[in-house]
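To start, the structure itself, in structure tokens.
Every read-out reported here was derived from the displayed coordinates using simple, explicitly stated rules and does not represent laboratory data. The structure displayed is predicted, hence computed values, not measured ones. Every residue, glycine as well, gets a Cβ built from its backbone with ideal geometry; the counts of neighbours run over all protein chains shown.
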Amino acid sequence: MALRHRWRFALAFAAFAAAVAGCSGDAGDEWQWDLPAGFPPPRVPADNPMSRERVELGRHLFHDPILSANRTQSCASCHRQELAFSDGRVHAIGSTGAVHRRNSMSLANVAYASRLTWANPHLDRLESQALIPMFGDDPVELGMPDEAELVARLGADAAYAQRFAAAFPDEDEPIRVVNVTRALAAFQRTLISGDSAYDRYVRGDAGALGEAALRGMELFFSERLECFHCHGGFNFADAVDHAKLPEPERAFHNTALYNVDGRGGYPAGDRGLYEITGEPRDMGHFKAPTLRNVAVTAPYMHDGSVASLEEAIDHYARGGRTIAAGPHAGVGSESPIKDEFLVGFVLDDGERADLLAFLHALTDESFLRDPRFAAPQPTPEDF
């Protein structure tokens, strides 16, 4: 690969870093973002400014099974740090054993997601999203019966009384569900991943990527494969928001996983954006998640139906999935409503290995074991 091609991406990344340099990203009197080079400050709601106390409260809540009705699961049960805050399952499983219809999405860089979950165009605040697993019952995730029960539990815990008071010092009664969601959201906004081998390479460490990964990077960003159209920018995603954007970017895609009726149809019960809009053009449209740490977040797609990165590459190479028999039989590559960039491609064995090497180079090992995100160690006030 010519050197000028290798550095094309590094120069573009460096230019973006310069554009956001000097932005502290303050959202509160005590908070300073510690961001990787090239990362803009996240957009933080005015009604939930960041603070160390709020983030730490959110970390405790995120890892605490007190948020589930039967006290058996926490948010971290379906969002495990070593898996980039995904869970490694095909479908998420709730605290009562109920099986969710969808795969648990990684929370890496969720602060930059303009839309949350797989296919809801209206869900754009982490504070709102937190209510769904806590109180939703179709299916049960954490399964709390009502807000009063949660407030009573937290109010009976002396350590939480102290933490809520510190996180919301201007409130006479800070233990409220709205403050639970604010603290959880504040913690999740700190889950920023940007120190992979790829990041080190674009920051100037020419030895951070091996030859195979460099060739794979060239393939990834090529018009031949088209990957970067849906997985581009600093976050390898296209549903992005941050404090430097005038408006959030919003995108959903039909990736031809199914074509059950010859018209691009998806199986009943999980038809993506169509379930909310009712618009035929939205059939099978789901968000393209970030590819950061993608090597540790298998299985893939909204329904976990693609088991490995190798299978994912094969799917896109074919321009869609063929299911030969059964209730979901159909030829995805012939879907008339699939994404325009899903055109298919041919890779030889060496190129396939190179692309895999690049995708593995998006793993941020320090993020997967950063103690700031791990379950907090008990302190004397916890007893």
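Through the Karplus equation 6.51 cos²θ - 1.76 cosθ + 1.60, θ set to phi - 60°, convert the phi angles of segment 92-101 into ³J(HN,Hα) values in whole Hz; use x for Gly and Pro.
Here the 3J(HN,Hα) series is 5, 10, x, 5, 9, x, 5, 9, 6, 7 Hz.
Mind ranking 212-222, 138-148 by how tightly packed they are, going by the mean number of other C-beta atoms within 10 angstrom, highest first?
Sorting 212-222, 138-148 by mean packing, highest first, produces 212-222, 138-148.
With a 10 Å Cβ neighbour count serving as the proxy for reagent exposure, in which order, fewest first, do GLU226, GLU171, GLU311 appear?
By the 10 Å Cβ count, ascending: GLU171, GLU311, GLU226.
For n ≥ 4 DSSP H runs only, could you compute -39500 (n - 2.57) per run for the chain, divide by its residues and tell me the 222 nm figure to the nearest 500?
Details: 14 runs with 120 residues, N = 383.
It comes out at -8500 deg cm²/dmol, rounded to the nearest 500.
Which of rounded, prolate or oblate describes segment 304-383 when judged by the alpha-carbon gyration tensor and an a/c cut-off of 1.5?
prolate
Please name whichever of PRO36, LEU257, ALA185 sits farthest to the positive end of the charge dipole of the chain, dipole taken about the Cα centre and charges placed at Cβ: Lys and Arg +1, Asp and Glu -1.
LEU257
For segment 327-366 and segment 158-184, what is the separation of their Cα centres, given in Å?
45
Give the separation of the Cα centroids, segment 248-312 to segment 224-246, in Å.
Cα centroid to Cα centroid, the span is 17 Å.
For a test of the definition: using alpha carbon positions, the gyration tensor, and the 1.5 limit on a/c, classify segment 218-311 as rounded, prolate or oblate.
It is oblate, given that a/c is not under 1.5 and a/b is not larger than b/c.
Under 5 Å between amide H atoms, partner at least 5 residues away or on a different chain: which partners does ARG115 have, H built in plane at 1.01 Å?
none
Take the Cβ-Cβ distance between ALA317 and ALA353 as r, set R0 to 22 Å, and report the resulting FRET efficiency rounded to the nearest 0.05.
That pair, ALA317 with ALA353, gives E of 0.95.
Where Rh denotes the Kirkwood radius from the mean inverse Cα pair distance, what is Rg over Rh for segment 170-276?
1.11
Evaluate segment 197-366: find the radius of gyration of its Cα atoms, find its Kirkwood radius, and give the ratio Rg to Rh.
The Rg/Rh ratio comes out at 0.99.
Return the sequence-ordered ³J(HN,Hα) values of segment 144-155 in whole Hz as given by the Karplus equation 6.51 cos²θ - 1.76 cosθ + 1.60 applied to θ = phi - 60°, using x for Gly and Pro.
Karplus-based 3J(HN,Hα) across segment 144-155 equals 4, x, 6, 5, 4, 4, 5, 4, 5, 4, 5, x Hz.
So who's got an amide H within less than 5 Å of the one on SER68, skipping anything under 5 residues away but keeping other chains? H placed 1.01 Å off N, in plane.
For SER68, the qualifying residues are GLN73.
Any idea what Rg and Dmax come out to for the chain if you just take the C-alpha atoms, in Å?
21.4, 65
Using the C-alpha gyration tensor of segment 52-192, what are the square roots of 5 times its eigenvalues, in whole angstrom, with the largest one first?
Working: eigenvalues 110, 62, 36 Å².
Values for segment 52-192, descending: 23, 18, 13 Å.
In whole Hz and in residue order, list the ³J(HN,Hα) couplings for segment 189-194 that follow from phi through the Karplus curve 6.51 cos²θ - 1.76 cosθ + 1.60, θ = phi - 60°; x for Gly and Pro.
5, 8, 7, 9, 10, x
Assuming 0.36 nm per residue, please report the length gained on full extension of the stretch ASP205 to THR72 beyond their Cα-Cα distance.
Working it through step by step, the gained length comes to 43.4 nm.
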